[in-house]
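The values are calculated or read from the model by the stated rules, or taken from the named source; none is laboratory data. This one's a predicted model, so the numbers in the text were calculated from it and none came from an experiment. So basically every Cβ, Gly included, is an ideal-geometry build from the backbone, and we count neighbours across all protein chains shown.
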Amino acid sequence: MTVAPPEDKEATGGRPVAPSGWLGWATSTDHKRIGLLTVATSLVLLLLMGVLALLMRGQLAQPDEHFLDPLTYNQVFTIHGSGMIYMVMTPFAIGMGVYLVPLQIGAPGIAAPRLTLLGYWLYVLGAVMMLSGFATPNGAHADGWFSYPPMADKEHSPSIGSDLWIGGVMLATTGVIIMGWAVLWTVLRRRARGMTMLRLPVFCWSMIATCLMVIGAFPALLAALTLLAVGRADASVFASNVWNIGYQHLFWFYGHPVVYVMFFPFLAAVAEVLAVFSGRRFFGYKGTALSLLVFAAISMSVWGHHMFATGQATNDYYSLTSIALLVPAGVEYFGMVGTVLGGRLRFPVPMLFALAFIPQFLIGGLTGIMIGTPVIDYHVTDSYFIVAHLHYVLFAGSAFGLFAAVYYWFPKVTGVMLGERLGRLHFWLLVIGTNLTFLPMFALGYLGMPRRVATYATFDGFAWLNLLASIGAGVLALAMTAFTVNVLWTLRKAALGRCRPAGDNPWDAYTLEWATTSPPPRLNFAPGRPVPPVTSFAPLLDLRQREGGTPAAKEASGS
Amino acid sequence: MVQRHVFGSVFALESAIAGFVFLVVLALLGHALLRRRAARGTPVTGQPERPTLEKYYVGVLTAFAVFLVAWTAWQNHREHRPPRSTPVTVDVTGFQWCWKFSYPQSPVKRSVTGTCRGRDLPTLVVPAGRPVRLRLTAKDVIHSLWIPDLRYKMDAFPDHVNTFTLTLDHEGRWRGRCAEFCGERHYAMDFWIKAVPPDEYDRFLHGQPLAGAAA
């Protein structure tokens, strides 16, 4: 150790130099590469699941259509739902944590990097396995993302696609659990000097709550799927009601917390974006951090609200816990709206998505309280009302947070900005498409259209609302095309060196990842650019205020 | 049709509250968008936290949640109160992919089923104005009996019987559906529920065809 190698001294640690090229990516223990791979994989799958959604909206655009036969349609909606939940939104949420958490807490890497890499590959393997069902003779799994027995047992779903689905979902979920452990461990044990728990960025708090739910709830899915696998091997299992209803309890013990796993990281991304483009620190920080923990805790006790109509759940209790969620949710809105109200607003693309998140997610949240009421749920459960509700939560809400995050952190990750004009086009098309697609579905459900129907009759009277929804889906396709073109074009231009470098902190943001270079070096903070002093949850804002260089200096500094 | 009435009042109140909350948030957001633009030279104002305000706010939210839980639970119990008079019983069996309605009180053990293909939908015949207890079960996989106009559904499980009581106030015919995904022809698993005068119902139980339509 007398002569320091010219570079990557810490990376190799005396061992052989890490492979480069694609093998370097595939075997990297750099949390940024693993995080980026996870996020990129889920974005590719997002486009694929969007194509499946277009097929469904094509089939449902008109009554009595024969564009897809019912068996195909059932595969398409099953893989769309399973894919979006197990393979897109959940991995993207955790992948963001893998990338951002070590940077935001001033750590040189993630805890358990090799396990994190294993988690990523389990996820990829799971996704490929699930999708490979389409290549089998009877096609992919066709029992919905929930796959209740006895419908999903061997007798009623003999296809090998179902076995592949069980295996794929188990692998991907195991991978996500591993990554969740690594992120939680990192944020609890790898914080830089001065980074106390109450100086963690809101995003890191959201990852703590998220990973606690991953660890607490996701094993229940593995248990449910194990039960399903046993029942597929031994037909007598699901002849008994106790295992049928038992499966539902196990499944929803996972199935409700996962909704918040797919929500908190995106909510927190929106919170960071709102604060930065309002020119002030996030309003009500402590309340929001606490509300995330309370939210996560209560989320473990609400699962039975998915089972109000089973006649085998204690409806009053689950209604109580579900409606109680409006308190922490209300606190989060207090923070978001309060931030904007006292701010000095700028409107770059990430801010547009973050602002749209507020009212759109609210529609999902308010209808969520309604369907947490048993008397209302008896009518609307398993109808298009629920489809509308869940898409307002996950698409009009979480996906808008996802895009806010992509536009916001893209310059940090790649060193260049995404195109502004295509970004705005993407945003407006997405707002129009989202509301045109999902708003009519509330009415459809109320009027009596059940979920998961391959077609409907002319005299049902659902035709024009379905047509509106299908037109909206077409607009969504245009929006996603604009996004894809924007990303690919920007990356191509960057590779050719024709992009202006974005700089280290193009948005005047507050958290530590913006104190290092774009993209960050292998160990996140180089000796020449050490971790700045951490004095609050917005350390870079503190720094600027001490120097008195920005308009934000007028704001009273909180600690 | 107590389910429909209870649903109507709860849905109306919750929609009104939801609409109000949505408009308040929208108004606050709109205010910020108009008045807080950086382009207008607005300075950043406000404190980083308002703990006292937040505590009152949480208090209001909690009180509202308590009210909502208690009131809707009461409505739920009102909806499931036992009927005043002895109900007639119908055994409902869901199967892939249609329904069977059996009348245990019928002297001829009347039972109705169909194929749920084309116009061949089975009709669940009940007396108007009298409580009807449905005993739901399934032969193969889980189904769910949904009568949208009644604003009510309940799942039908194999190896398990679920029960609920409904009363149709007047004569008429309504559409019923399967709401739980049950495979290939889930979309087609519709039926009719028809409320007839009590004397016609008695004749129906004795095996005579219904007056009027062949439905």
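Does at least one position in segment A:146-165 carry a residue that is on the phi > 0 side of the Ramachandran plot and in a loop (DSSP other than H, G, I, E, B)? Talk me through it step by step, then tell me what you get.
To start, the set of residues in segment A:146-165 that are on the phi > 0 side of the Ramachandran plot comprises A:147.
Checking which are in a loop (DSSP other than H, G, I, E, B) leaves us with A:147.
For segment A:146-165, residues on the phi > 0 side of the Ramachandran plot and in a loop (DSSP other than H, G, I, E, B): present.
If a residue has to be at the interface with chain A (Cβ under 7 Å from one of its Cβ atoms) and hydrophobic (A, V, I, L, M, F, W, C) to count, how many in segment B:5-32 make the cut?
Selection size over segment B:5-32: 12.
Looking at B:146, B:174, B:97, which is the one that is within 14 Å of chain A (Cβ to nearest Cβ), surrounded by 18 or more Cβ atoms within 10 Å (Cβ to Cβ) and under 17 Å from the mean Cα position of the chain (by Cα)?
Answer to the check: B:146.
Which residue is farthest from the chain's Cα centre (by Cα), if the candidates are limited to segment A:118-145 and must be away from every other protein chain (no Cβ under 14 Å) and assigned to a loop (DSSP other than H, G, I, E, B)?
Residue satisfying both the conditions and the ranking: A:137.
Listed here are the residues, each with its yes/no results for (1) part of a loop (DSSP other than H, G, I, E, B); (2) modelled with pLDDT of 90 or more; (3) buried (at least 17 other Cβ atoms within 10 Å of the Cβ).
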{"residue": "A:518", "(1), (2), (3)": "yes, yes, yes"}
{"residue": "A:525", "(1), (2), (3)": "yes, yes, yes"}
{"residue": "A:531", "(1), (2), (3)": "yes, yes, yes"}
{"residue": "A:534", "(1), (2), (3)": "yes, yes, yes"}
{"residue": "A:540", "(1), (2), (3)": "no, yes, yes"}
{"residue": "A:556", "(1), (2), (3)": "yes, no, no"}
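Name the residues in segment A:339-354 that are in a helix (DSSP H, G or I) and more than 7 Å from chain B (Cβ to nearest Cβ), would you?
A:339, A:349, A:350, A:351, A:352, A:353, A:354 - these are the residues of segment A:339-354 that are in a helix (DSSP H, G or I) and more than 7 Å from chain B (Cβ to nearest Cβ).
Could you list, in sequence order, the residues of segment A:303-332 that are within 7 Å of chain B (Cβ to nearest Cβ) and either buried (at least 21 other Cβ atoms within 10 Å of the Cβ) or under 27 Å from the mean Cα position of the chain (by Cα) (or both)?
A:309, A:310, A:315, A:319, A:320, A:323, A:324, A:326, A:327, A:330, A:331
Only one of A:274, A:267, A:227, A:222 is modelled with pLDDT of 95 or more, within 13 Å of chain B (Cβ to nearest Cβ) and part of a helix (DSSP H, G or I); which? Explain how you work it out, then say what you get.
Details: A:267 fails: within 13 Å of chain B (Cβ to nearest Cβ); A:227 fails: within 13 Å of chain B (Cβ to nearest Cβ); A:222 fails: within 13 Å of chain B (Cβ to nearest Cβ).
Unique residue meeting the criteria: A:274.
Take the conditions more than 10 Å from chain B (Cβ to nearest Cβ), over 19 Å from residue A:487 (Cβ atoms), among the aromatic types (Phe, Trp, Tyr) and under 18 Å from the mean Cα position of the chain (by Cα) and apply them to residue A:357. Does it pass?
yes
If the requirement is being closer than 17 Å to residue A:180 by Cα, of a type in the set (Gly, Ala, Ser), touching a residue at least 24 places away in the same chain (Cβ under 8 Å) and surrounded by fewer than 24 Cβ atoms within 10 Å (Cβ to Cβ), which of these qualifies: A:126, A:109? Show your work before the answer.
Numbers: A:126 fails: surrounded by fewer than 24 Cβ atoms within 10 Å (Cβ to Cβ).
Checking each option against the conditions leaves just A:109.
Out of B:155, B:159, B:140, B:169, which single residue is part of a loop (DSSP other than H, G, I, E, B), free of Cβ contacts under 8 Å to residues at least 40 places away in the same chain and either at the interface with chain A (Cβ under 8 Å from one of its Cβ atoms) or in contact with a strand residue (DSSP E or B) (Cβ under 9 Å, 6 or more places away or on another chain) (or both)?
Result of the check over B:155, B:159, B:140, B:169: B:159.
If a residue must be facing another protein chain (nearest Cβ under 8 Å) and in contact with a helix residue (DSSP H, G or I) (Cβ under 9 Å, 6 or more places away or on another chain), how many such residues does segment B:40-57 contain?
Within segment B:40-57, residues that are facing another protein chain (nearest Cβ under 8 Å) and in contact with a helix residue (DSSP H, G or I) (Cβ under 9 Å, 6 or more places away or on another chain) number 11.
Taking only pairs six or more apart or across chains, which ones have beta-carbon atoms under 6 Å, a first residue in segment B:108-121 that is assigned by TED's automatic domain parsing to the domain that holds residue B:193 and within 17 Å of residue B:186 (Cβ to Cβ), and a second residue that is among the charged types (D, E, K, R) and modelled with pLDDT of 90 or more?
From segment B:108-121, the pairs are B:114/B:120; B:121/B:190.
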